[in-house]
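The values are calculated or read from the model by the stated rules, or taken from the named source; none is laboratory data. Computed from a prediction, not measured in an experiment: that's the story for all the values here. Quick reminder, even Gly has a Cβ in these numbers, built from the backbone with ideal geometry, and neighbours come from all protein chains shown. In case anyone asks, the SASA skips ligands and DNA or RNA and just uses the protein heavy atoms, side chains included. Shrake-Rupley method; radii C 1.70, N 1.55, O 1.52, S 1.80 Å.
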Amino acid sequence: MNKEIETKKEGRVLTKKDIWRAMRRHYLAISTYNYDSGFAATLVWELFPALSKIYQDDPDGLQASIDNQFKFYNCNPWMSPIITGATLAIEEKGKTKSLQAVQDLKTALMGPFSGIGDTLIWVLFPTVLGAIAASMGKHGNSVGMWIYLAVYILFFFLRSFLYNVGYDSGTALMTNMSDKLSALTDAVSVLGIAVIGAIVPSTINFQLALKFSQAGVTLTGQHILDQLMPGLLPVLLTALLYWMLKKGRKMTTLILMVIVIAMVGAALGILKA
């Protein structure tokens, strides 16, 4: 009862019990993924009880929040609790006025946080700990295996701590900027656009293989495009796919279309293999 009173005094709707419930649902659902919306469906299931409590007197607001959470989201499961905890705190404070800020924050952070989680937790630690365990196991020593297990148990419970870190950070952010929500939304929007803009040319490998020869000088079509605007083709391809998605085309259809174009273009010598 004291915790409930303390929560209301702080101007919050959610209690620690609500946050822990969202965290437990995160553990159960985060492995479910689809190409159309990433982890969005599991994110909705994870946050639904908390969102229902936030919008308990506003069914239209709850529907708008759920629709917003169904937008594409893909983040490393180990780092995702920080983002989802922060967005939950922001939405608790700003409700429907903060939906754009919530979406922009997810867009801005899911890429960098995935890079950290993928590199450290899915690549570095398994490689190092696995090598130690295998080396010791060859000599009949099981200590390395138990170290491997202990570290991953530690990481497992660390995710609970990260969820609270994200929620507390989002609460502090909204407390300090509650009267400047539009400024926060604009700032996070710029960050999200910058992150997406950097991701497109660095991750999409779409280059011309055409060559032009004249008077003993050979130029490649890709070199000419790079002189005009580096990363032009990846940007155009991304824009085309986004436009087709907005027109209602299925994600699987677009994936197959890109595969066919890549194979035909490489076979004809138009695109680099």
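Tell me which helices (runs of 4 or more DSSP H) are completely within region 18-130 and hold 1 or more residues being modelled with pLDDT of 90 or more and over 13 Å from the mean Cα position of the chain (by Cα), or say none if there are none.
Here the list reads 40-54, 59-69.
Going by the conditions given, is A101 farther than 26 Å from L28 by Cα, open to solvent by less than 40 Å² (accessible area, probe 1.4 Å) and assigned by the TED database to the domain that holds T42?
Here the answer is yes, as A101 does meet what is asked.
Could you please let me know if P201 is at pLDDT below 85, part of a loop (DSSP other than H, G, I, E, B), in contact with a helix residue (DSSP H, G or I) (Cβ under 8 Å, 6 or more places away or on another chain) and at negative phi?
Spelling it out, it is not the case that P201 is at pLDDT below 85, part of a loop (DSSP other than H, G, I, E, B), in contact with a helix residue (DSSP H, G or I) (Cβ under 8 Å, 6 or more places away or on another chain) and at negative phi.
Just the residues that are of a type in the set (V, I, T), at pLDDT 80 or above and open to solvent by 80 Å² or more (accessible area, probe 1.4 Å), please, taken from region 216-258.
The answer is T252, and nothing else.
To keep it simple, each residue is scored yes or no on (1) among the charged types (D, E, K, R); (2) open to solvent by 60 Å² or more (accessible area, probe 1.4 Å); (3) more than 30 Å from D18 (Cβ to Cβ).
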position: W122; (1), (2), (3): no, yes, no
position: P126; (1), (2), (3): no, no, yes
position: H139; (1), (2), (3): no, yes, yes
position: W146; (1), (2), (3): no, yes, yes
position: Y152; (1), (2), (3): no, no, no
position: F155; (1), (2), (3): no, no, no
position: R159; (1), (2), (3): yes, no, no
